[in-house]
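Asks: Quick one: structure below, then a few questions.
We did not get these values from a lab; they are worked out from the coordinates using the rules stated. Since the structure is predicted, the reported quantities are computational estimates derived from the model, not experimental observations. Heads up, the Cβs are rebuilt from the backbone with ideal geometry, glycines too, and the neighbour counts pull from every protein chain shown.
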């Protein structure tokens with residue numbers, strides 16, 4: 001059975017890149033996985049939903065959402081905040097525009 005979400009990514013090695021895949025049916029797990037890729041500096045090659053590659057605007061939106069998740073992880077860790085306090089103090093990060 002085809003997973004709903006498929007992320008192809010590259011891990012930089014000394015003289016080449018290792019291309020790998022991640023599949024899940026859970027949209028939150030997909031978002032968190034992409035956030036972890038961003039935090040590690042790995043390349044997100046493509047994102048597909050139900051076997052169809054995301055359009056450029058959809059891809060950008062998914063990566064932006066994951067970047068916000070990554071930033072929130074950095075802030076909660078670096079400033080020793082719980083999720084609620086981080087969202088309160090940095091609400092501009094989560095404002096929809």
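Asks: With the crude spin-label approximation of a point 7 Å out along Cα→Cβ, what separation in nm comes out for residue 10 versus residue 58?
Replies: 2.3
Asks: Here is a follow-up. Which one of 14, 31, 85 has the biggest mean-square fluctuation once the chain is modelled by GNM with Cα springs under 10 Å?
Replies: 14
Asks: Further question on the same structure: Taking other Cβ within 10 Å of each residue's Cβ, how do 90, 33 sort, fewest first?
Replies: 90, 33
Asks: Tell me the volume per residue, in Å³, of the convex hull enclosing the alpha carbons of the chain.
Replies: 113
Asks: A follow-up question, please. Per the helix-only calculation at 222 nm, which mean residue ellipticity applies to the chain, given -39500 (n - 2.57) for every DSSP H run of n ≥ 4 and division by its residues, nearest 500 deg cm²/dmol?
Replies: -15000 deg cm²/dmol
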